[in-house]
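**Student:** Below is a structure I'd like to ask you about.
The values are calculated or read from the model by the stated rules, or taken from the named source; none is laboratory data. Please read all numbers here as calculations on a predicted model, not as lab measurements. Here the Cβ positions follow ideal geometry from the backbone for every residue, glycine too, while neighbour counts run over all protein chains shown.
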Amino acid sequence: MKLASAGMTLLVAAVAMAGAAAETKTLRTITVTVPTGWKAVESSSLMRVAQFALPKVEGDNADGELVVFNFGAGQGGGVQANLDRWYGQFKQADGSATKDKAKTTKKKADGMDVTVVDVAGTYVAPKRIGDPSAGNYNEPNYRMLAGIVSAPESDYFFKLVGPAKTVARWAKSFDEFIGSVKKAK
């Protein structure tokens, strides 16, 4: 009887793991593979084509938030303009320029150019774009992993922000997510 019970436990665990498998999603003109453990949430804006909560690690006060934006052909600004805006969303404790501490890499995904930036510090971005009355965040020890995929029709902007330890926990899956981008067929 114990053997049957152990077998049933393994079967239930295998089914649960299969249900948690990565999922491929189409986001307008690209597809992505959503890593296991990410939780899709309802998008809070029409500019967002996908939004995910990445569960916080023990000791952190918030989940990570990953958002994918696509504004259409010729919209959203160029790569450097976005990098500069993202650098401006962080302040450094020592007063140095965030740009000088950021790590930027370039790669390819399905033949498309990808630019990825990794930046940390105090997150001071506006709480609501275009609404100064909403104020700014003031979140020390935050980190952002962000990427721009230059798709043929228009650029896609990927932005993961959260407590530094939580973002570190999900950094590998962020890289896999960006690397999974393919042109939709």
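**Student:** Just the residues that are more than 12 Å from the chain's Cα centre (by Cα) and of a type in the set (A, V, I, L, M), please, taken from the stretch 50-63.
**Tutor:** Correct list: V57, A62.
**Student:** Follow-up question, since we're still on this one. Go through the stretch 118-134 and give me each residue that's modelled with pLDDT of 95 or more, of a type in the set (A, V, I, L, M, F, W, C) and under 17 Å from F158 (Cα atoms).
**Tutor:** V119, A120, A125
**Student:** Here are some residues: V181, V161. Which one is modelled with pLDDT of 95 or more and more than 17 Å from K25 (Cβ to Cβ)?
**Tutor:** Of V181, V161, the one residue that is modelled with pLDDT of 95 or more and more than 17 Å from K25 (Cβ to Cβ) is V161.
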